[in-house]
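The next block holds one structure in the form of structure tokens; read it before the comments.
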Amino acid sequence: MAIITISYQHGSLGETIAAEVAQRLSFVLVTPARVEEIMRERYQLDYSLSGTLAQAPRDPQTSKVFANLISAILTDMAVLNDLVVLECGGQFIFRSFPNALHVRIVAPRDIRAHNLMQAAGLSFEKALDEMEEHERRQVRFLRTSFRRPADAPERYDLVINTAGLQVAHAVEIVLQAAGLKNLADYGMVSSESAARARLRNQIRLIRSLTRLSLETSESLHQFAHPSELVFARLLDFYGIRWQYEPRTFPLNYDDKGNITEAFSPDFYLPDSDLYVELTTMKQSLVTKKNRKVKRLRELYPEVKIQLLYQKDFEDLLFKYATRMPEQERVSSDARRSGKGSVHPGTDPAADRRAG
């Protein structure tokens, strides 16, 4: 699970160096175009990592979610592969990883312009214009997504000036630095650790996508809280059948036998005959829900119920994802369209909420 991030000035031959390093080490090369492709294919999002105005998130909240989405995609890829990450903000995403080498490729302005002239057949003026436009897009992407510039040398383990170096020389320097950091010694993680890491990243991805889509889709408002939508999407992703508030349990009655308090747990997992109630970190709500769960267990001892914090999602889903037989998983198309996921019960209030 070794990672090399390469940031570069346009025209400094950084793309060529990154491709050669990946080939020499048999690492997977991750480019902005590849991350954009994953966003389009898996998540139907058309966002640009190159700072293209028409596709770049503009408001701060969306930009933050966009950065989280990129981070989740890259770290998900890093679980099972050694990576060379070209741009994409990798120097920020993997900044605290001990198994990462951060490289910056630079060159003087006129050298970079001549490199572009030779590679693309541009005039000197056109090459300068392209360099400036590329730099503006890159600065816009990093500032809006990660709130940081790329040119601070202290962010990198190695800064290479290609003015007097051939590509082969620069590649050898990067390989030597990777060897000195012993990146090859880290190896890959265990299968269980990999599965848990991928699950954590899937949770991050779905949370990010949920925040991006909540305000634009009326169909998502059947849930009382965004965390319920996140949980439902996670259950769908792992093929776990669920029902939303299918049953209401009376908890207390007045002297005339009228129901004065009732409880509708958020989810029911029919394959395990288990009710799940989600809660937040707000202590007043936790205390109230704990009291209801305790009362339900006293009155209905045959009912299995689990109170979950969001941090408990991983353990629960990991257990189900590793034990669920493949034939019991619904198709990905059905999960994404929402068909076959919500199964309202007989309680009218639950039916209205689920509808």
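The values are calculated or read from the model by the stated rules, or taken from the named source; none is laboratory data. In this text, all values refer to a predicted model and were calculated from it rather than measured experimentally. Cβ: placed from backbone, ideal geometry, glycine included. Neighbour counts: every protein chain shown.
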Discussion item. For segment 236-260, give me each residue that is free of Cβ contacts under 8 Å to residues at least 24 places away in the same chain and charged (D, E, K, R).
Written reply: Asp254, Asp255, Lys256
Practice prompt. Out of the residues in segment 163-184 that are farther than 18 Å from Gln23 by Cβ and surrounded by 14 or more Cβ atoms within 10 Å (Cβ to Cβ), state the one that is modelled with the highest pLDDT.
Written response: Leu165
Practice prompt. Among the residues of segment 1-17, write down those that are β-branched (Val, Ile, Thr), modelled with pLDDT of 95 or more and surrounded by 20 or more Cβ atoms within 10 Å (Cβ to Cβ).
Written response: Ile4, Thr5, Ile6, Ile17
Worksheet item: Quick check: is even one residue across segment 100-117 within 18 Å of Ala33 (Cα to Cα) and either surrounded by 14 or more Cβ atoms within 10 Å (Cβ to Cβ) or at pLDDT 90 or above (or both)?
Response: no
Worksheet item: Could you list, in sequence order, the residues of segment 160-174 that are in contact (Cβ under 8 Å) with a residue 12 or more places away in the chain and closer than 20 Å to Arg109 by Cβ?
Response: Ile160, Asn161, Thr162, Ala163, Val167, Ala170
Worksheet item: Given the residues Leu80, Leu74, Leu69, which is the only one that is touching a Cys at 6+ places or on another chain (Cβ under 8 Å) and modelled with pLDDT under 90?
Response: Leu74
Worksheet entry | Count of residues meeting criterion [among the acidic types (Asp, Glu) and either more than 19 Å from Val174 (Cα to Cα) or buried (at least 24 other Cβ atoms within 10 Å of the Cβ) (or both)] in segment 68-86 | 1
Worksheet, complete the sentence: Reported set for segment 241-270 where residues are part of a loop (DSSP other than H, G, I, E, B) and either surrounded by fewer than 14 Cβ atoms within 10 Å (Cβ to Cβ) or not assigned by TED's automatic domain parsing to the domain that holds Leu296 (or both) is Asp254, Asp255, Lys256, Gly257, Asn258, Pro270
Worksheet item: Restricting attention to segment 129-137, does a residue exist that is touching an Asp or Glu at 6+ places or on another chain (Cβ under 8 Å) and either at pLDDT below 90 or surrounded by 14 or more Cβ atoms within 10 Å (Cβ to Cβ) (or both)?
Response: no
Item to complete: For segment 115-139, enumerate the residues that are in contact (Cβ under 8 Å) with a residue 40 or more places away in the chain, farther than 21 Å from Ile173 by Cβ and not hydrophobic (A, V, I, L, M, F, W, C).
Response: Glu130, His134, Glu135, Arg136, Arg137, Gln138
Item to complete: Would you check which residues across segment 1-18 are within 22 Å of Thr75 (Cα to Cα) and out of contact with any strand residue (DSSP E or B) (no Cβ under 6 Å at 6 or more places or on another chain) and list them?
Response: Met1, Ala2, Glu15
Fill in: Failed condition for Lys292, given (1) over 18 Å from Phe223 (Cβ atoms); (2) modelled with pLDDT of 80 or more; (3) not in a helix (DSSP H, G or I)
(3)
Item to complete: Considering (1) out of contact with any Gly (no Cβ under 9 Å at 6 or more places or on another chain); (2) of a type in the set (Val, Ile, Thr); (3) modelled with pLDDT under 90, say which one Val330 fails and leave the rest.
Response: (1)
Discussion item. Condition first: more than 18 Å from Phe94 (Cβ to Cβ) and crowded, with 18+ Cβ neighbours inside 10 Å. Now tell me which residues in segment 18-42 satisfy that.
Written reply: Glu20, Glu36, Met39
